[in-house]
Structures are given as structure tokens and as C-alpha cells.
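Note sheet for the following structure.
Read-outs throughout are calculated quantities, based only on the coordinates presented, and are distinct from any laboratory measurement. Computed from a predicted model, the values in this text were never measured in an experiment. When we count neighbours, we look across all protein chains shown, and the Cβ atoms used for this are built from the backbone with ideal geometry, even at glycine.
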Amino acid sequence: MPSDTSKAVIPIQVIDEPQAHEKRHVHEVYDQIASHFSSTRYKPWPVVANFLQSIPTGWVGLDSGTGNGKYLPLPANRSGETWTIGLDRSQNLLRIAMNANYGDTNCIREVVLGDAIETCWRVSAFDYAISIATIHHFSTKERRERAVQSLLQTLSPSHGRALIYVWAIEQDALSKRSIPISEQSSPGHGEDVFVPWVLSKQQDKSASDSAPERRVHHRYYHMFEKGELRDLICGAAHGMGLTVGSPREGLGPVADGMRQKIRGLEIVEDSWERSNYYIELRLWEVEAPDS
Amino acid sequence: MVRLITHNLLACHVKGCTTNNFPLVFQDAQVEIHEAEFNEDFIRGFMPKIEWKALVDSARQLGDTSLPEEQPEMADDDFLKTLHHVLLEMHIEEGAMVCQNCGHVYPISNGIPNMLLAEHEIG
């Protein structure tokens with residue numbers, strides 16, 4: 001049991017209308033905790049850093065749910081060879097992200113105020129995308145699937161690559177969190193929870209003199225269970241008419257000798273790391289040969 | 001920040017607005033120039049992905065007429081540096097971007113474009 005009960009994760013059921021729920025328990029919370037949150041989120045996760053390191057020179061990417069923009073300056077040793085544009089729902093986090101630095105590079109970042117469930121980009125605009133700890137803030141399966149589809153639509157269908165991270169019910173032994181399983185939960189569907197963020201008066205820039213010593217903000221998360229992220233991505237891909245698998249699977253028999261382009265999505269990595277599930281994927285396009 | 005590199009990728013996404021929704025047209029744009037490090041390999045790699053006419057027209061709206069109407073086949077050093085300047089050194093700090101099709105206005109404030117829609121506008 002955590003010694004401080006104000007930090008315990010609380011199982012919930014989303015009963016409000018989903019957008020209203022996310023506004024109150026995701027968007028408003030991040031705007032309020034932005035500067036304190038950002039001061040605790042400065043270390044890039046190695047899997048994300050390696051993914052960004054593997055991106056070819058000249059590629060442009062989207063960080064959907066960029067938060068404080070800590071991934072925007074990466075890879076630090078290849079500064080300026082690729083460009084990642086950050087999108088987030090929190091204006092206060094974007095103000096921090098704009099000046100995100102790594103080492104001594106002093107460069108202004110590109111950031112856009114927007115929602116990860118919408119596509120404010122021309123189709124196939126990006127060569128790569130990352131979605132790190134973002135999709136778990138959408139409060140229904142349908143909305144999480146739409147967020148994945150929005151991400152896929154912004155990618156080049158022939159070579160687009162993406163890395164998606166979400167929080168897992170299965171927490172690391174070192175994690176301070178343990179995820180209670182509610183009685184209403186059903187297997188395969190994850191768990192809806194509030195994760196408290198405790199903000200002291202000193203850390204809260206908007207606090208008035210009469211404010212209480214500390215305030216607890218409840219952030220909504222959908223904690224994923226094993227296999228759920230894969231199912232979500234495959235469902236999103238099928239909904240867009242993509243073949244899931246390697247490009248070889250696009251080369252089936254072709255009706256009437258018609259040449260046609262077949263598009264697909266290949267999952268190249270599906271893992272758990274430090275209390276998160278992540279999937280790396282790539283899109284492909286093959287022209288079916290004449291039969 | 002909104003620079004022309006980002007502007008060349010943004011499109012209007014109001015429900016039902018699917019044709020002529022790119023590029024967004026600048027309105028009352030306040031431009032600041034900030035030098036950025038020139039990376040030739042990046043510019044060369046990004047060139048084929050640019051919507052050229054949109055970039056040329058948008059740069060002209062901002063008062064920069066340095067780009068040719070047609071994207072040159074051979075890119076020399078001078079051209080790449082001009083392109084670098086247009087894509088990465090002109091920052092639109094205040095103003096708005098307007099959709100030519102549906103008229104939706106996306107405000108830009110403190111260098112951050114606001115692409116959020118009202119609930120009834122979401123597709």
C-alpha cells in the first residue's frame with residue numbers, strides 16, 4: 001500500500017459524456033499542473049530516443065501529444081537532420097515545449113495546439129509519428145481507435161513509421177503505482193482509473209494566498225492490458241482498409257488481372273517496458289502484379 | 001511557432017471540408033525572422049514532399065518573393081539557402097490562417113496556431 005493515500009490510483013467508471021470527461025479530467029488538469037509536470041518529465045525514454053535516432057535525414061514527423069516537448073530536440077547528435085512537429089491539447093504545456101532544449105542547442109520548436117483525435121494535417125503529410133503516453137487519455141475504445149486512425153492517416157502510406165506508447169496495468173516492480181482492478185472490469189478491456197497529481201501551493205503558479213496547502217488533481221487514464229494495444233491498432237488498420245502483416249501478404253491473387261495498389265501495416269515490435277506497452281509499426285504499399 | 005514548414009503540412013479539418021482546404025491563407029500575419037542553422041541534407045530530403053505552389057503563394061502573402069514559380073530540377077547551394085530561409089526562419093507570431101473553402105479562422109497567438117475546433121465542427 002502506498003504510504004500516502006492521496007497518491008493511490010482510483011478505479012472509476014466513465015459515466016459522463018466522453019468529451020466532457022476528457023475536458024475535465026485530462027485537458028484542464030494538464031493546463032493546471034503544466035509547469036510542475038514538466039519539471040518531472042525531462043528524461044527521454046530510450047526506446048523512443050532510439051526510434052528517433054533511426055529516422056532518415058530529411059524526414060518530417062509528428063509528436064502527437066508532445067506534452068513538454070522533450071522528444072522534439074531528438075536525436076540530439078543529428079540536430080536539424082530531421083524535424084519533429086509537436087501537437088498537444090494543453091496551451092500551457094506547449095509554451096514549455098516551444099523552448100524544449102537538449103544539451104546546449106538553443107532552437108525554437110514547432111508546436112501546434114490541437115487534438116490527437118482530429119487530423120489537422122494534409123493526408124500523408126508525415127514520414128513518421130510518435131504517440132507517447134497520449135492515447136490512454138481517450139475515454140472510450142471508439143475514441144482511442146479514432147486517435148490511432150488519425151495518426152495513421154497523417155503518415156505516408158508507402159513508408160510511414162510510428163511508435164505508440166500507452167500505460168499498462170502491469171506495472172514495473174519499481175513503480176510507485178499499483179493498479180486496482182475494479183469488480184466491474186471485464187477481461188480484455190483494460191481499466192479506467194484516476195491517477196492523482198498532488199500540487200503544493202508553492203508549485204501551483206495560479207494559486208491564490210487563500211488556496212489550500214495542496215490540491216489533488218485527478219488525471220484520467222485508460223490502463224491497457226496485455227494484447228489490448230495490438231488489438232486496437234489492428235482494428236484501426238482494418239477500419240481503414242489496410243492489410244495487417246508484412247508486405248508479402250499484399251501479394252495475393254489479383255482478380256481480372258487488374259493492377260491495384262495494396263496498402264498495409266506491419267507491426268515490427270510489440271513489447272512491454274517499464275510499466276508501458278509499446279508498438280512500433282510501419283506502413284507499406286505494393287503494386288499487385290498482373291496475374 | 002508556426003513557420004512555413006508547418007504551414008505546408010496543415011489543412012482545414014472542419015467536418016465536410018475536404019476540397020480546397022489546403023493551403024490555409026494568412027491573415028494579419030506578424031512575421032519575425034529568427035536565424036536557424038542551415039542543414040543542406042535536411043532541405044534536400046524534404047524538398048520532394050513540399051507542396052510547391054502552396055509554399056510560393058504563402059511566402060508571397062508574407063512579403064517574401066524569393067522563390068521561383070516552379071521548383072527547380074537542380075538545386076544549387078544558393079537555392080537551398082533561400083528555401084531554408086523561407087521554410088525555417090520566418091516565424092508567424094500573431095495573426096490567423098483562414099480556410100479558402102469554408103472560411104474557418106485558425107488564430108495564431110504567441111507563435112502557436114490554434115487548430116482546435118468547436119464540437120459541432122468536428123467530423
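Some points to look at:
- Scanning segment B:8-41 for residues that are under 11 Å from the mean Cα position of the chain (by Cα) and touching a residue at least 24 places away in the same chain (Cβ under 8 Å) gives B:Asn8, B:Leu10, B:Phe22, B:Pro23, B:Leu24, B:Val25, B:Phe26.
- Test: residue in segment A:66-78 that is of a type in the set (A, V, I, L, M), touching a residue at least 24 places away in the same chain (Cβ under 8 Å), over 25 Å from A:Asp127 (Cα atoms) and in contact with a strand residue (DSSP E or B) (Cβ under 6 Å, 6 or more places away or on another chain): no
- Residue within segment B:42-52 that is charged (D, E, K, R) and in contact (Cβ under 8 Å) with a residue 24 or more places away in the chain present: yes
- The listed residue being under 16 Å from the mean Cα position of the chain (by Cα) and within 14 Å of another protein chain (Cβ to nearest Cβ), out of A:Glu17, A:Glu81, A:Glu22: A:Glu22
- Residue check for A:Ser131: part of a loop (DSSP other than H, G, I, E, B), more than 20 Å from B:Glu37 (Cβ to Cβ) and either touching a strand residue (DSSP E or B) at 6+ places or on another chain (Cβ under 8 Å) or facing chain B (nearest Cβ under 7 Å) (or both): no
- Residues of segment A:25-42 that turn out to be assigned to a loop (DSSP other than H, G, I, E, B) and either touching a residue at least 24 places away in the same chain (Cβ under 8 Å) or under 15 Å from the mean Cα position of the chain (by Cα) (or both), as a count: 2
- Residue list for segment B:15-27, restricted to those being under 20 Å from A:Val111 (Cα atoms) and more than 8 Å from chain A (Cβ to nearest Cβ): B:Pro23, B:Leu24, B:Val25, B:Phe26, B:Gln27
- Residue selected from segment A:119-154 under the condition of a type in the set (Asp, Glu) and crowded, with 19+ Cβ neighbours inside 10 Å, by the criterion farthest from B:Phe22 (Cα to Cα): A:Glu145
- Residue match in segment B:55-64 (condition: within 24 Å of B:His13 (Cβ to Cβ), buried (at least 19 other Cβ atoms within 10 Å of the Cβ), touching a helix residue (DSSP H, G or I) at 6+ places or on another chain (Cβ under 9 Å) and small (Gly, Ala, Ser)): yes
- Among residues of segment B:28-49 being charged (D, E, K, R) and at the interface with chain A (Cβ under 9 Å from one of its Cβ atoms), the one that is farthest from A:Arg122 (Cα to Cα) is B:Glu37.
- Every residue from segment B:80-123 that is over 24 Å from A:Arg109 (Cα atoms) and either assigned to a helix (DSSP H, G or I) or more than 14 Å from every other protein chain (Cβ to nearest Cβ) (or both): B:Gly103, B:Glu119, B:His120, B:Glu121
- Taking (1) within 9 Å of chain B (Cβ to nearest Cβ); (2) on the phi > 0 side of the Ramachandran plot; (3) not basic (Lys, Arg) in turn, A:Gln91 satisfies each apart from (2).
- Screening the candidates A:Ile108, A:Ile117 for the property of being without any contact (Cβ under 8 Å) to a residue 40 or more places away in the chain, facing chain B (nearest Cβ under 10 Å) and more than 15 Å from B:Asn110 (Cα to Cα) yields one hit, A:Ile117.
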